[in-house]
Amino acid sequence: MRGHGVTGFDEYDGTGAGDGEGGTGPGGKGPGPAPEPPRIPLPRASVEDSGLPLPELDALPPLPPELPHDVLKSLLGAWALAACSAAETAAVEAHLGECGPCAEEALRLREAVGLLHQPESLDLDPGLRTRVLHSCLERRPPRIPVPAWAAPYDAETARLDALLQDFGDAEWHAPVRLRWFTGDAPTSRRTTVAGVIAHLLSVDGLVAVALGLEDPLAETDAVADAAADTGQPAGPAARTEAFWRASRFPPTRAVRAPWRDQSHHLVRTVSFTGGGTGERPVPYGDFTLPLHDAMLDRAFECWVHAEDIAEAVDYPYGPPAPRHLHAMIDLAARMLPAVLAARRRSGLASPAATRHLVAAGTPGRSLRLEIEGLGGGEWLIPLDSPAAVGSAEHEVAHVALDGVEFCRLAAGHVSPTEAAAGQLGDRDAIRDVLFAAASLSRM
């Protein structure tokens, strides 16, 4: 049926266009404009109708394996440590959503794993022992107190003993290099951790002999021969070498017990005899120290060699308490004038300016030694004679060092040319004092 120029269904061309702008010309005759694309896109074809291959079932994520309850429970520890395979992890986590007892156990295990990975060190604070003892003694004073001049030795031997208590055979035989200065040159001696403790035992024996205690080297022939030849006890180096040679085998961990017992006997003896024994002389072979200075000297060497041991086994080790460190620095500062005079007699230091010295106790040229940090303070070191008195009016030089750095210089572990943080004044005086400080060191 046709009517009024309207195109009927029999003329539909499948483009959705009738007569008018998108269809044929007037009357359905002649070419018209090109057809426009549909405004609404057609639906996408399904994968089944596209002709593309379907995905393989193996490529899909695997389902958690079905494991018995006992197996899943045994995997909880590995799961908490993240040590399960992907399939086991999936199976365990699926099971935890269904099993309450296993979920609680898994939570406890995961919290325990967190405790095993603490970021901070689990080692005790090295100052803890001192603080605990100080707190206890404030509440109940000791019936027989340790003299103040023996407290550094008591503290340092206790710290070293705590370091040694968990050492195995490998640590006891770890190599250690002892370092000190001879003249103007550094020198060293190779030994082991056990050899260092044997060295401390042999030199502490000098103090033991002065107190009337048993000498641990009394039966060593080399030590007895040295004493007979000189009329004086063998010095620290001779005693140590004799002790090492007398051993059939290199020292082992067995040396810890006699060293520990001797340190306890020394502290107990000076405590029972009272602080008045501090002036008793302790011969070191080439020189003599009063007992209170000898105990400080032994505390200093104990700390220095404890650092050597800690370095050998790659373990951190801190400096002494500030008041103990100050006492050690004070001892070194008081010994500097005598060491400087000995170096001058050997031609290793510049000549003294004798015009400043009229009588003993007269102020002379002085160097101001400023120690910063732990154990800090200031000392005026007389430069021209041990009998002179340090004087600010005659100050010709000023040296500033860190407290721990100065102690390492006095131990021969730091070069005199690299130690001072600040220097001002007479360069020769500064060099003489720094090299004298390094000359305090010995094996």
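The values are calculated or read from the model by the stated rules, or taken from the named source; none is laboratory data. Bear in mind the structure is a predicted one, so any value in this text is a computation, not a measurement. Don't worry about glycine lacking a Cβ; one is built from the backbone with ideal geometry, like all the others, and counts go over all protein chains shown.
Is it the case, given these coordinates, that Ala78 is at pLDDT 85 or above and touching a Gly at 6+ places or on another chain (Cβ under 8 Å)? Taking the combined requirement at face value, the residue does not satisfy it.
Checked against (1) on the phi > 0 side of the Ramachandran plot; (2) within 35 Å of the chain's Cα centre (by Cα), Gly347 meets all criteria but (2). Taken over region 181-217, residues that are among the aliphatic types (A, V, I, L, M) and not in a helix (DSSP H, G or I) amount to 4. For region 276-312, the set of residues classified as more than 25 Å from Gly403 (Cβ to Cβ) and surrounded by 15 or more Cβ atoms within 10 Å (Cβ to Cβ) consists of Thr277, Arg280, Val282, Pro283, Gly285, listed by residue number.
Filtered by the rule that a residue be crowded, with 19+ Cβ neighbours inside 10 Å and at pLDDT below 90, region 242-259 gives Ala242, Phe243, Pro251. Taken over region 218-241, the criterion of being among the hydrophobic types (A, V, I, L, M, F, W, C), modelled with pLDDT under 85 and either farther than 25 Å from Glu279 by Cβ or out of contact with any helix residue (DSSP H, G or I) (no Cβ under 7 Å at 6 or more places or on another chain) (or both) is satisfied by Ala218, Ala222, Val223, Ala224, Ala226, Ala227, Ala228.
Elements of the type helices (runs of 4 or more DSSP H) sitting completely within region 353-443 and holding at least 1 residues that are acidic (Asp, Glu) and within 19 Å of Asp184 (Cβ to Cβ): these cover 416-419, 427-439.
Annotation note: Cβ proximity below 8 Å between a residue of region 408-422 that is not assigned by TED's automatic domain parsing to the domain that holds Ala299 and a residue that is surrounded by fewer than 20 Cβ atoms within 10 Å (Cβ to Cβ) and acidic (Asp, Glu) (sequence gap 6+ or interchain) occurs for Val414/Glu405; Ala419/Glu405; Ala421/Glu372; Ala421/Asp402; Ala421/Glu405; Gly422/Glu370. Candidates in region 175-188 are the residues that are closer than 19 Å to Glu301 by Cβ and under 20 Å from the mean Cα position of the chain (by Cα); of these, the one that is surrounded by the fewest Cβ atoms within 10 Å (Cβ to Cβ) is Arg177.
Out of (1) charged (D, E, K, R); (2) assigned by TED's automatic domain parsing to the domain that holds Leu401; (3) more than 29 Å from Val270 (Cβ to Cβ), the odd one out for Arg334 is which? Exception for Arg334: condition (3). Given the condition assigned by TED's automatic domain parsing to the domain that holds Asp154, more than 27 Å from Leu409 (Cβ to Cβ) and part of a helix (DSSP H, G or I), answer yes or no: does some residue in region 279-292 qualify? So far as region 279-292 goes, yes, one or more of its residues are assigned by TED's automatic domain parsing to the domain that holds Asp154, more than 27 Å from Leu409 (Cβ to Cβ) and part of a helix (DSSP H, G or I).
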